[in-house]
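Since the structure comes first, as structure tokens, the remarks are kept for the end.
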Amino acid sequence: MSAAVPVSPPDVLVLQHTLEDPPGYLATWLDAVGARWDVFCAEAGQAYPDSVAGYRALAVLGGEWSANDERASLRHAEALIREADAVGIPVLGHCLGAQLMARALGGRVERLPRPEIGWLPIRHDGSAAAREWLGEEPAPVVYQWHYDGVVALPPGSAVLAASDACAVQAFALGPHLGMQFHIEITPLKIESWLASPGEVYPGAIGAHPQTVQAPAAMRAATAAHQAASYRLADRIYGAWRRRWRAA
């Protein structure tokens, strides 16, 4: 009888809040680099782990909920973010995930005057940290779908990128990065969201034509910008991986 082959523990914990916001390109990238990872979806009834102990990195996804909603799973995610920060595990926040990171570590999230939905440019500040995380392109076009945003940063944070409608598009704190945009986006996710966009989106198209794209314009922009988004995701995820806690 052959001896059992030991199984290495997962490298990455992924927190998924809602059914409609799965890991997307993050899953593709994790598999491509040979990472072992766990994902737990709160809306599917999967309780998040009690601790990040044993993991090397934490990724927190987006979702249609507000970071300020009184949901036990959101407070649980914030507790895991605080624990990760305390023990040096790098956190990568996507949209709602970035907002939860800000809240967990001492910042504030509020409804913004203008939503951003679709493919829109951000501006990074040209700093060494911004170039390391976001590359050399000063105004990359990224995918957005948010109504809230970070309006007060956690102590010690630095804004790396902004847009006209959102002053905090990306922020860094130690080994962590929070992104208001959806770098994990794929065409499949976009089509899923357009199929069920929520009650606010139709009115937002007319109310905010500069920052909210109609479906046809969004699909055309996806064809134009998705490949560059994948390249930026590779860079961001690679920078995050370099910070993973040693195995």
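The values are calculated or read from the model by the stated rules, or taken from the named source; none is laboratory data. Nothing here was measured: the structure is a model prediction, and the numbers come from that model. Here Cβ is always computed from backbone atoms with ideal geometry, including for glycine, and neighbour counts include all displayed protein chains. Accessible surface areas use protein heavy atoms only, side chains included; no ligands, DNA or RNA. Shrake-Rupley method; radii C 1.70, N 1.55, O 1.52, S 1.80 Å.
For segment 63-105, residues that are part of a helix (DSSP H, G or I), in contact (Cβ under 8 Å) with a residue 24 or more places away in the chain and more than 18 Å from I185 (Cα to Cα) total 17. Which condition number does S66 fail, the rest of (1) surrounded by fewer than 19 Cβ atoms within 10 Å (Cβ to Cβ); (2) out of contact with any Phe, Trp or Tyr (no Cβ under 9 Å at 6 or more places or on another chain) being met? If we test S66 against (1) surrounded by fewer than 19 Cβ atoms within 10 Å (Cβ to Cβ); (2) out of contact with any Phe, Trp or Tyr (no Cβ under 9 Å at 6 or more places or on another chain), just (2) comes out false.
Scanning segment 106-135 for residues being on the phi < 0 side of the Ramachandran plot and assigned to a strand (DSSP E or B) gives a total of 15.
Filter segment 177-203 down to residues that are more than 20 Å from Y25 (Cβ to Cβ) and buried (at least 21 other Cβ atoms within 10 Å of the Cβ), then give me how many there are.
Applying the first criterion (more than 20 Å from Y25 (Cβ to Cβ)) to segment 177-203 yields 196-203.
Okay, now just the ones that are also buried (at least 21 other Cβ atoms within 10 Å of the Cβ), so none.
Final tally of qualifying residues: 0.
Being assigned to a loop (DSSP other than H, G, I, E, B), over 29 Å from G203 (Cβ atoms) and open to solvent by 20 Å² or more (accessible area, probe 1.4 Å) is a property that P138 has.
Identify, from the list V60, V109, the residue that is within 18 Å of G156 (Cβ to Cβ) and under 16 Å from the mean Cα position of the chain (by Cα). Before the answer, list the steps.
Numbers: V60 fails: within 18 Å of G156 (Cβ to Cβ).
After ruling out the rest, the residue left standing is V109.
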